[in-house]
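Engineer: Before I ask anything, let me first share the structure, which is written out below as structure tokens.
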Amino acid sequence: MATTDVGLHDAAGQAARTPVVNDMSIQVATANGSGSQSSNTVLLRSIFQMGIPVSGKNLFPSNIAGLPTWYTIRANKDGYVARKKKIDLRVSMNQETGRDDVMALESGAAVLYDEPLKLSSLRSDLIFYAVPFDKLVAPVCPEAKLRKLVKNMIYVGVVAKLLDIDLGEVEKALRKQFAKKVKAANLNFAAAQAGYDYAAASLTKADPFKLERMNKTQGKIIIDGNAASALGCVFAGCTVLSWYPITPSSSLAENMIEYLKRFRIGQDGKATFAVVQAEDELAAIGMVIGASWAGARAMTTTSGPGISLMSEFAGLSYYAEIPAVVWDIQRVGPSTGLPTRTSQGDILSTAFLSHGDTKHVMLFPSSPHECFEMAMDAFNLAEQLQTIVFVMSDLDLGMNNWMSDPFPYPDTPIERGKVLTKEDLSRLGGFSRYKDVDGDGVGYRTLPGTQHPAAAYFTRGSGHNAQANYSERPEDYESNMERLSRKFDQARTLVPAPVIETMPKAEIGIIAFGSSHWALTESRDQLRDEHKLATDYLRIRGFPFAHEIADFVRAHKRVYVVEQNRDAQMLSLLKLDLDSELVPKLRSVARLDGLPMDARSVTDEIAAMEGK
Amino acid sequence: MATTPASPKTNRLGLAVLDYRGGKTTLCAGCGHNAISERIIDALYEMGVQPERVAKLSGIGCSSKSPAYFLSRAHSFNSVHGRMPSVATGAVLANRSLMALGVSGDGDTASIGIGQFVHLMRRNLPIIYIIEDNGVYGLTKGQFSATADLGSKLKTGVVNELPPIDTCELAISLGATFVGRSFSGDKRQLHAMLKAAIAHNGTVLLDVVSPCVTFNDHEGSTKSYKYMIDHEEPLQEISFIPVFEDIAVDYDPGTTLEVEMHDGSKLRLRKLEEDYDPTNKIRAISRLNEAKEKGEMLTGVLYVNTKAPTFLDMLNITEQPLATIPASATRPGPEVLEQVMEELR
């Protein structure tokens with residue numbers, strides 16, 4: 001018989017009568033390694049193709065196969081793409097988590113589940129749809145060993161029917177997903193069709209959620225931050241990539257290798273790049289330092305544990321003034337932490353990475369588009385300032401799917417910084433590597449191999465004078481360190497400027513950065529609509545801090561610094577930088593549980609602190 | 001009668017030995033490292049290597065200071081402890097026309113740096129890697145390193161109870177393509193070996209025992225001058241004929257092995273051990289182990305392979321240095337970006 005159990009709870013009944021259009025979240029619970037990623041991508045793309053703003057977030061375990069994994073798709077007509085705390089439709093394929101998944105739902109939510117899991121008896125205030133997946137998959141997939149994978153495409157068909165997704169869109173998305181693998185595409189589409197047909201024949205729609213065509217995704221792309229970063233690095237003219245595999249940064253390197261192979265082979269059939277999978281992160285950054293010293297645009301990509309290992313070389317880069325670009329796709333620490341969960345927890349340690357007086361330039365992208373753009377910024381800044389530059393992405397930004405406007409072709413020229421050629425040396429007669437000729441703290445360098453007898457200098461991490469000779473003289477050390485400090489201060493005006501968004505009559509300010517931006521955008525609307533609280537918003541995009549940040553704090557009564565870590569790391573950095581009379585204005589909204597930031601939590605916390 | 005001053009002797013580039021010199025050494029008088037610097041200067045001069053083409057790289061320690069004491073006209077990088085291999089790798093990738101000359105010590109290589117050392121050896125990157133090997137840490141005043149021999153005694157009486165790491169054996173088994181061991185006091189051998197190293201295309205590992213006169217040159221040390229003079233067991237008499245010196249000297253193929261180097265130079269090894277074949281990897285490793293059993297300090301060209309592809313070959317890197325390749329070659333055009341965007345729509 002048809003297995004639709006409509007909850008008797010009033011709220012559910014009420015909701016069913018008022019359709020909720022283009023505003024919902026779907027969470028699919030499966031086992032890691034069961035092939036659900038394809039199904040979820042097809043579902044995401046189908047909604048995207050209907051013109052509805054959408055985002056997809058993968059909550060996965062640090063495991064190859066077997067442990068539970070969740071994929072959340074959010075469709076929102078207003079363009080909110082942050083994680084939504086409330087789940088509206090749960091697809092429950094995993095026996096292990098079935099019970100907990102159902103118990104965690106808010107009243108009125110819908111559950112589509114694998115029939116043998118018998119979840120409908122658990123709650124009376126939810127809407128249940130039971131689907132006999134094994135029975136449906138057998139006729140469409142004669143090959144038994146493929147059934148485990150194909151089974152997941154059935155729920156795509158069921159969801160499509162329940163939410164009014166055109167099956168034509170599913171087919172289009174599916175054929176894009178499987179590209180040239182026509183047989184696999186056919187098999188999977190048959191499964192989606194079977195799910196769709198089953199839902200049409202046997203399920204009675206009882207939830208209020210519905211998707212309708214819009215035109216808000218026209219021309220847009222779907223990309224994850226790591227692919228966007230990789231693409232940016234290719235267009236930034238990166239020539240050397242050395243890396244060591246680590247979640248969640250590996251896909252940046254892997255995407256980049258693919259792009260390099262496609263787009264950076266010269267007419268002679270030779271590579272205009274070198275990629276090395278190093279033996280560890282120490283070697284990865286060492287190769288970057290060596291390559292940059294010799295004149296390449298070199299980079300590595302890593303996450304927290306790798307950053308810790310790179311500490312000594314970061315100090316060398318700072319002190320010997322060698323460019324380097326390091327991507328930190330942040331994950332949850334300390335130590336191994338939660339390797340597959342997102343955080344903004346490396347801010348403070350990276351700012352001052354290494355022993356002695358060091359400070360480093362950091363960039364904070366908040367979208368794939370900025371990942372792409374900041375790749376150019378990072379390489380240019382590293383070479384202009386002759387120092388290490390960290391791009392602080394995170395797992396949510398790096399590994400999840402984001403909608404984006406297509407990236408415009410970069411108009412930023414490739415800036416190689418102050419490098420003297422053979423001809424320059426003939427004209428000048430010589431040079432002093434660490435002399436502040438231009439008053440900006442940045443000296444001139446030469447590249448090894450420059451064919452001039454005056455080209456060479458000695459690079460060292462030990463004490464040195466303006467001529468790059470070994471020195472322990474107090475005045476040499478002090479003047480060198482003061483120059484480095486001046487140089488660093490220059491970067492305030494060179495890093496990407498903060499982005500400020502205002503509301504009329506706002507007295508309250510919010511500061512955030514990176515992937516938190518998406519929750520903040522939504523949260524500010526909630527504060528305005530639910531609490532009549534107007535806020536201005538400043539998004540930090542670089543460290544050292546631009547002067548606009550102090551001005552913003554000065555202009556507001558209270559400023560909430562929102563970030564995804566426990567210890568209010570960005571707020572701490574601000575405290576070190578701001579005039580002391582501004583510091584008492586700062587309030588912290590710092591939280592981290594490993595899940596991407598959601599708007600509701602931020603809204604509730606700020607509202608409570610505002611006495612609302 | 002007026003005499004014209006004799007013009008200084010020059011090499012094939014018209015450069016004098018002086019052009020290959022460096023700053024004044026700050027190492028101890030009598031330190032083996034200084035003798036090695038002298039051999040490096042002579043070899044580079046005689047081979048006519050353009051000084052500006054060389055990149056000198058080192059880690060941390062007494063040995064790693066020595067690049068300051070030769071070839072001032074070459075860029076030099078005194079990096080961090082044990083990490084010279086990665087820095088050198090990056091430099092060579094950035095500019096394949098550089099001749100990378102890495103100088104390290106036994107602590108810098110076999111203790112803190114063993115991880116990077118073994119991986120460098122696997123890659124057959126074109127580099128000359130010299131270990132100035134004295135078995136102790138000099139700058140921190142005489143602690144054992146990982147190449148110290150079993151039973152070797154410190155001045156303080158401390159006896160080393162751990163087996164040494166044989167860097168040559170590791171290098172041979174992992175993929176280095178020119179591996180030799182020498183002694184800073186064996187001027188002729190080291191000189192010839194360095195010239196052959198310059199002609200080689202691939203990873204050269206030269207472990208040069210270089211006694212520390214301050215901390216490890218006493219009775220009971222196995223890396224002292226006296227111990228080396230008493231125990232050195234050369235495998236061959238080495239001579240090297242550069243490609244630009246067209247000298248025809250007859251040799252007996254029965255007693256001499258001739259190896260043609262990458263640039264056409266000839267390395268001639270007059271066998272002191274009849275059955276030793278330095279192109280046989282397995283034999284090389286087993287001979288090193290026999291030497292250990294017998295307490296011999298085996299020196300000479302332990303292994304050579306001039307045919308193996310280098311890391312640059314494997315990476316298929318373009319001939320022009322990546323460092324100076326123009327932006328037009330490294331930033332793809334707008335049509336490429338548009339193509340990628342279309343794929344993502």
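The values are calculated or read from the model by the stated rules, or taken from the named source; none is laboratory data. Predicted model only: the values in this text are computed from it and were never measured. Please note: Cβ atoms are built from the backbone with ideal geometry, for glycine as well, and neighbour counts cover all protein chains shown.
Engineer: Looking at segment A:431-462, which of its residues are exposed (fewer than 15 other Cβ atoms within 10 Å of the Cβ), more than 9 Å from chain B (Cβ to nearest Cβ) and within 24 Å of B:Lys65 (Cα to Cα)?
Structural biologist: A:Lys435
For (1) more than 8 Å from chain A (Cβ to nearest Cβ); (2) of a type in the set (Asp, Glu); (3) surrounded by 16 or more Cβ atoms within 10 Å (Cβ to Cβ), each residue gets a yes or a no:
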| site | (1), (2), (3) |
| --- | --- |
| B:Pro278 | yes, no, yes |
| B:Ile282 | yes, no, no |
| B:Glu290 | yes, yes, no |
| B:Lys294 | yes, no, no |
| B:Asn316 | no, no, no |
| B:Pro321 | no, no, yes |
| B:Thr330 | no, no, yes |
| B:Glu335 | yes, yes, no |
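Engineer: Could I ask something else about it? Has segment A:112-120 got at least one residue that is basic (Lys, Arg), more than 24 Å from the chain's Cα centre (by Cα) and modelled with pLDDT under 90?
Structural biologist: No - not one qualifying residue is present in segment A:112-120.
Here's the yes/no breakdown for (1) crowded, with 24+ Cβ neighbours inside 10 Å; (2) farther than 14 Å from A:Ser25 by Cα:
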| site | (1), (2) |
| --- | --- |
| A:Lys77 | no, no |
| A:Asp100 | no, yes |
| A:Phe133 | yes, yes |
| A:Arg147 | no, yes |
| A:Lys151 | yes, yes |
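Engineer: Looking at (1) farther than 17 Å from A:Met399 by Cα; (2) modelled with pLDDT under 85; (3) of a type in the set (Gly, Ala, Ser), which one does A:Gly33 not meet, given that it meets all the others?
Structural biologist: The single condition A:Gly33 does not satisfy is (1).
Engineer: Return the only residue of A:Trp293, A:Trp327 being within 27 Å of B:Gly82 (Cβ to Cβ), touching a residue at least 12 places away in the same chain (Cβ under 8 Å), more than 12 Å from chain B (Cβ to nearest Cβ) and not basic (Lys, Arg).
Structural biologist: A:Trp327
Engineer: Test B:Lys271 against the stated conditions and say whether it is away from chain A (no Cβ under 14 Å) and modelled with pLDDT under 95.
Structural biologist: yes
Engineer: Still on this model: Check every one of the helices (runs of 4 or more DSSP H) wholly within segment A:103-216 and list those with 2 or more residues that are out of contact with any helix residue (DSSP H, G or I) (no Cβ under 7 Å at 6 or more places or on another chain).
Structural biologist: Counting at least 2 such residues, we get A:133-140, A:147-163, A:182-202.
Engineer: Based on what the data block shows, is A:Leu163 over 30 Å from B:Thr89 (Cα atoms), in contact with a Phe, Trp or Tyr (Cβ under 8 Å, 6 or more places away or on another chain) and either surrounded by fewer than 23 Cβ atoms within 10 Å (Cβ to Cβ) or at pLDDT 95 or above (or both)?
Structural biologist: yes
Engineer: Please determine, by comparing only the residues of segment A:22-41 that are of a type in the set (Ser, Thr, Tyr) and within 17 Å of A:Asn401 (Cα to Cα), which one is surrounded by the fewest Cβ atoms within 10 Å (Cβ to Cβ).
Structural biologist: A:Ser38
Engineer: Within the bounds of segment A:49-58, is there any residue that is part of a loop (DSSP other than H, G, I, E, B), more than 24 Å from A:Leu167 (Cα to Cα) and in contact (Cβ under 8 Å) with a residue 24 or more places away in the chain?
Structural biologist: Within segment A:49-58 (the criterion being part of a loop (DSSP other than H, G, I, E, B), more than 24 Å from A:Leu167 (Cα to Cα) and in contact (Cβ under 8 Å) with a residue 24 or more places away in the chain), the answer is no, since none of the residues qualifies.
Engineer: Could you list all residues from segment A:217-247 that are in contact with a Pro (Cβ under 6 Å, 6 or more places away or on another chain) and not in a loop (DSSP other than H, G, I, E, B)?
Structural biologist: A:Ile221, A:Ile223, A:Gly225, A:Ala228, A:Phe235
Engineer: In addition: Just give me the residues in segment A:261-277 being at the interface with chain B (Cβ under 7 Å from one of its Cβ atoms) and of a type in the set (Gly, Ala, Ser), in sequence order.
Structural biologist: Of everything in segment A:261-277, those that are at the interface with chain B (Cβ under 7 Å from one of its Cβ atoms) and of a type in the set (Gly, Ala, Ser) turn out to be A:Gly266, A:Ala271, A:Ala274.
For (1) within 14 Å of chain B (Cβ to nearest Cβ); (2) at pLDDT 95 or above; (3) more than 21 Å from the chain's Cα centre (by Cα), each residue gets a yes or a no:
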{"site": "A:Gln384", "(1), (2), (3)": "no, yes, yes"}
{"site": "A:Ser393", "(1), (2), (3)": "no, yes, no"}
{"site": "A:Gly398", "(1), (2), (3)": "no, yes, no"}
{"site": "A:Pro410", "(1), (2), (3)": "yes, yes, no"}
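Engineer: Condition test on A:Leu105, is it buried (at least 16 other Cβ atoms within 10 Å of the Cβ), at pLDDT 95 or above and on the phi < 0 side of the Ramachandran plot?
Structural biologist: For A:Leu105, the condition - buried (at least 16 other Cβ atoms within 10 Å of the Cβ), at pLDDT 95 or above and on the phi < 0 side of the Ramachandran plot - is met.
Engineer: Still on this model: In segment A:67-102, which residues are touching a helix residue (DSSP H, G or I) at 6+ places or on another chain (Cβ under 9 Å), of a type in the set (Lys, Arg) and outside any helix (DSSP H, G or I)?
Structural biologist: A:Arg83, A:Lys84, A:Lys85, A:Lys86, A:Arg90
Engineer: Does A:Ala228 satisfy the condition of being at pLDDT 95 or above, away from chain B (no Cβ under 14 Å) and surrounded by 22 or more Cβ atoms within 10 Å (Cβ to Cβ)?
Structural biologist: The answer is no for A:Ala228.
Engineer: Continuing with the same structure: If B:Ala291 meets every condition in (1) at pLDDT 95 or above; (2) of a type in the set (A, V, I, L, M, F, W, C); (3) under 14 Å from B:Pro234 (Cβ atoms) apart from one, which number is that one?
Structural biologist: Unmet condition: (1).
Engineer: Condition check: among the aromatic types (Phe, Trp, Tyr) and buried (at least 21 other Cβ atoms within 10 Å of the Cβ). Does A:Phe545 satisfy that?
Structural biologist: No, not satisfied.
Engineer: Select the strands (runs of 3 or more DSSP E) contained entirely in segment A:266-344, then report the ones holding at least 1 residues which are of a type in the set (Lys, Arg) and assigned by TED's automatic domain parsing to the domain that holds A:Val442.
Structural biologist: Where strands (runs of 3 or more DSSP E) fall fully within segment A:266-344, none carries at least 1 residues being of a type in the set (Lys, Arg) and assigned by TED's automatic domain parsing to the domain that holds A:Val442.
Engineer: Could you check segment B:203-296 for strands (runs of 3 or more DSSP E) lying wholly inside it with 2 or more residues that are more than 25 Å from B:Gly151 (Cβ to Cβ)?
Structural biologist: Filter on segment B:203-296 gives B:203-209, B:236-241, B:256-260, B:266-271.
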